[in-house]
Amino acid sequence: MSHELLASTFDQWSRDGRAAGMELEHGDVGAQVIAKLGVRAGEQILDLGCGNGWATRKLAKLGPGVQALGIDVSPQMIAEAERLHSLTIRARYAVGSFERIDAPDAKFQRVFSMEALYYAVDLEAALREIARVLKPGGTADIVIDYYKDNAATACWASKTGVPMHYLSESEWSAAFARAGFAPVQTQRVIDSRGPGDASAFTPSRCYPDWATWKSVREAGSLWIRAHKPKPA
Ligand SMILES: C[S@@+](CC[C@H](N)C(=O)[O-])C[C@H]1O[C@@H](n2cnc3c(N)ncnc32)[C@H](O)[C@@H]1O
């Protein structure tokens, strides 16, 4: 897999208007996690795989002097983020990849990522980069819906046309631990809207019936909180 394939896939998603749909789909869980981050005044935050930048803008508004940078491999997503930008929000956006983040070592107190890290071309390199750009004592807060313990999501790989890392909760924890993070904590976050209205449900290839769709919402999103240790 290559960054070119990812960029062209997500450029097309953006042209098809899917970025706003992702904001709607991920917004509830994203807002729940962002509200619990405990961001302090003046912190620098990186949003990896920012899409149209909705979370980047939320993060930048968390406190006085907080600054957020959204990175995405898709130039169209970044163009959309810039279109939606407001000059009163301390957020910036850049085209870039998880595997090579254009930032100095120890630049950020926090790295956030919503529904994106499993697309990494090289997951180990991406985790190394996250560790590199975080300050000691900083945290990576990664939220994903596509993980093995949420079994009905297995079908997504055949839908997107790009390779995706399908790991279990414990495999994600182990991957962060191997990259030097400690402790690594995980929890599930349930969308407060529930599965929605059963009478409005339309079957699809991945969700052939209501019970399958309901199981995805009941499993919830996986929130991985990985701490970069301070030197002893
Ligand atoms: C499912 S979308 C989620 C977007 C946004 N976080 C949200 O919740 O709406 C995944 C995003 O990650 C980006 N992405 C995927 N692989 C990437 C990589 N290796 N480096 C940088 N961005 C990547 C895609 O371009 C896409 O915009």
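A few points about this structure:
- Here the extension length gained between Arg132 and Ser192 equals 18.2 nm, from 0.36 nm per residue of separation less the Cα-Cα distance.
- Other residues within the sphere of radius under 15 Å centred on the Cβ of Glu171, judged by their own Cβ, net out at -1 (K and R +1, D and E -1).
- If R0 is taken as 45 Å, the Cβ-Cβ distance between Ala157 and Ala41 corresponds to a FRET efficiency of 0.65.
- Calculated from backbone phi, Karplus (6.51, -1.76, 1.60) coupling profile of the range 31-43 in Hz, x at Gly/Pro: 5, 4, 5, 4, 5, 9, 5, x, 5, 10, 3, x, 6
- Unit Cα scatterers, Debye sum, the chain: log10 I(q)/I(0) for q = 0.08, 0.10, 0.12 Å⁻¹: -0.27, -0.44, -0.64
- Applying the criteria of a DSSP loop state and at most 14 other Cβ atoms within 10 Å to the trypsin sites (Lys or Arg not before Pro) of the range 35-121 yields Lys36, Arg40, Arg100.
- All other residues whose Cβ lies under 10 angstrom from that of Leu84 are scored, Lys and Arg at +1 and Asp and Glu at -1, for a net of -1.
- Ellipticity estimate at 222 nm from DSSP helix runs (n ≥ 4, -39,500 (n - 2.57)) divided over the chain, nearest 500: -10500 deg cm²/dmol
- Each Lys and Arg contributes +1 and each Asp and Glu -1, all at the Cβ; summed about the Cα centre of the chain, the dipole is approximately 760 debye.
- Trypsin sites (Lys or Arg not before Pro) restricted to DSSP loop in the range 138-222 with at most 16 other C-beta within 10 Å: Lys148, Arg193, Arg205
- Gaussian network model of the chain, Cα within-10 Å springs - most flexible of Ala126, Ala157, Ala91: Ala157
- Close amide H partners of Asp149, meaning residues 5 or more places away or on another chain with modelled amide H under 5 Å apart, are Glu169.
- Residues in the range 93-98 carry Karplus couplings, in order, of 9, 8, 6, x, 10, 5 Hz; the curve used is 6.51 cos²θ - 1.76 cosθ + 1.60 with θ = phi - 60°, and Gly or Pro positions show x.
- The Cβ shell under 13 Å around Gly38 holds other residues with a net charge of +2, Lys and Arg each +1, Asp and Glu each -1.
- Between helix 169-178 and the chain: long-axis angle, C-alpha atoms, 0 to 90°, nearest 10: 20
Every read-out reported here was derived from the displayed coordinates using simple, explicitly stated rules and does not represent laboratory data. The shown structure was predicted, so the numbers you read here are calculated from the model rather than taken from an experiment. Note that each Cβ is placed from the backbone with ideal geometry, even for glycine, and that neighbours are counted across all protein chains shown.
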